[in-house]
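What follows is one structure encoded as structure tokens, with my remarks underneath.
The values are calculated or read from the model by the stated rules, or taken from the named source; none is laboratory data. The structure presented is a predicted model; accordingly, all values stated were derived computationally and were not measured. When we count neighbours, we look across all protein chains shown, and the Cβ atoms used for this are built from the backbone with ideal geometry, even at glycine.
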Amino acid sequence: MHKTSPALLVVTYHYIRDPESVRYPGIHPVSMDRLRDDLERMGKAATFATPSEAELFLRGLAEFDGPRVLVTFDDGLIDHWHAARDVLEPRGIKAAFFVSSRPMADRRALLVNKLQYVRSITPPEIFRRHFYDHVPPEAGLLARQPAFRKKACDVYIHDHEEDACVKYLANFSLGFDDTEHLVDELLAHRSIDEGELCEALYMRPDHLRRLHADGHLIACHGHTHRPLGAMRDAEMDADVSACQEALHWILGERPGWISFPYGRGDAIPRDPGRLCDMFGFRVALTLSPDWNLPGQDPLRVRRVTENQYTALLENVPHVSGIGERRVA
Ligand SMILES: [Zn+2]
């Protein structure tokens, strides 16, 4: 009799497109074939859970008789529509899609995607030059200090030192509004229309309605995709409310799940219980990479990226008690 491990691994994906189609570093997509291979590997080590099954487990209302995997997609990219049609549907896998509403409501792309897009179409040395042309001079000086450069390289371990410094400045040192203003100037400099970029990058309401009708879960990822933990409560509530209302209008029902943009450290709201109570969220997801075991707080669900899941899948936790009792 084999041991069972009633645990849930939640995996998240971002870009799913041909890596060859990206000219310069900035976007690091997973190919559709890689997604197929990933799902095959997951399906051998575990059983896929639907979002409803995952919710019952996370809320302590049902047990699993072995390891389960829930597949999720963040940011509402059009890539996810193609992945659902070409890869998930033929396998009968039901996934959760977390969508930020600003691109649909305001035709304004998410800062994270705009920055990735500009980097992906610009040679790195030119991007760096344009970037430093647009930041305040003190930010340029800061980026030359050895202590700053070391911190940047410690965070962006896979990047060239110069790219690490740019990313650290953009994401940690400059404010969100200043960075967005800068990235908007870089887009304008390249004559890129943000509305057209939104049409090329994101799913539309009819895509979301179709996925919802097909049994997938569509849920909140904030309106602007700003880190919720960095906002004051009133600002955070307005951001989440705008996303929930937009999805309510599109789907005819209020989403009961949220994934926190950026999902780590300070980006997670200080009091997820208050936020989730207010909006009726039953499940909230982070990017804290681990399995979810029975008793897991459903408002701080652990989740791994497409690059982290393999090691965890090879290391299914052994849970004594519940699983063995069910087998017996
Ligand atoms: Zn996101």
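Here are a few things to note about the model shown:
- The stretch 250-267, residues that are among the β-branched types (V, I, T) and buried (at least 22 other Cβ atoms within 10 Å of the Cβ): I258
- Every residue from the stretch 114-125 that is more than 16 Å from the ligand (Cβ to nearest atom), closer than 15 Å to A188 by Cα and hydroxyl-bearing (S, T, Y): T122
- Tally, over the stretch 115-131, of residues that are within 28 Å of L247 (Cβ to Cβ) and out of contact with any Lys or Arg (no Cβ under 9 Å at 6 or more places or on another chain): 2
- D159 being surrounded by 14 or more Cβ atoms within 10 Å (Cβ to Cβ) and among the acidic types (D, E): yes
- Any pair with Cβ under 6 angstrom, 6 or more apart, that starts in the stretch 64-77 at a residue that is without any contact (Cβ under 8 Å) to a residue 40 or more places away in the chain and ends at one that is more than 16 Å from the ligand (Cβ to nearest atom): none
- Among the residues of the stretch 12-23, those identified as exposed (fewer than 15 other Cβ atoms within 10 Å of the Cβ) and touching a residue at least 12 places away in the same chain (Cβ under 8 Å) are D18, P19, R23.
- Residue identified as in the same structural domain as P25 (by TED's automatic domain parsing) and surrounded by fewer than 18 Cβ atoms within 10 Å (Cβ to Cβ) among D154, D214: D214
- Odd one out for R325, checked against (1) at pLDDT below 95; (2) part of a helix (DSSP H, G or I); (3) under 20 Å from the mean Cα position of the chain (by Cα): (3)
- Of all the listed residues (R68, R34), the sole one being within 19 Å of the chain's Cα centre (by Cα) and at pLDDT 95 or above is R34.
- Breaking point among (1) of a type outside the set (A, V, I, L, M, F, W, C); (2) farther than 17 Å from A311 by Cβ; (3) touching a strand residue (DSSP E or B) at 6+ places or on another chain (Cβ under 9 Å), for T12: (2)
- Pair list, Cβ < 9 Å and 6+ apart or interchain, from the stretch 125-152 residues that are more than 16 Å from G26 (Cβ to Cβ) to residues that are surrounded by fewer than 17 Cβ atoms within 10 Å (Cβ to Cβ) and among the small types (G, A, S): Y132/G140
- Selected residue (criterion: farthest from the ligand (Cβ to nearest atom)) from residues of the stretch 248-278 that are at pLDDT below 95 and on the phi > 0 side of the Ramachandran plot: G265
- Test: residue in the stretch 221-229 that is more than 14 Å from the ligand (Cβ to nearest atom), under 20 Å from the mean Cα position of the chain (by Cα) and at pLDDT 95 or above: no
- Among the residues making up the stretch 98-113, those that are more than 15 Å from the ligand (Cβ to nearest atom) and either of a type in the set (V, I, T) or out of contact with any Gly (no Cβ under 9 Å at 6 or more places or on another chain) (or both) are A105, D106.
- Residues within the stretch 7-61 that are hydrophobic (A, V, I, L, M, F, W, C) and not in a strand (DSSP E or B), tallied: 15
- Within the stretch 279-292, being modelled with pLDDT of 95 or more and hydrophobic (A, V, I, L, M, F, W, C) holds for F279, F281, V283, A284, L285, W291.
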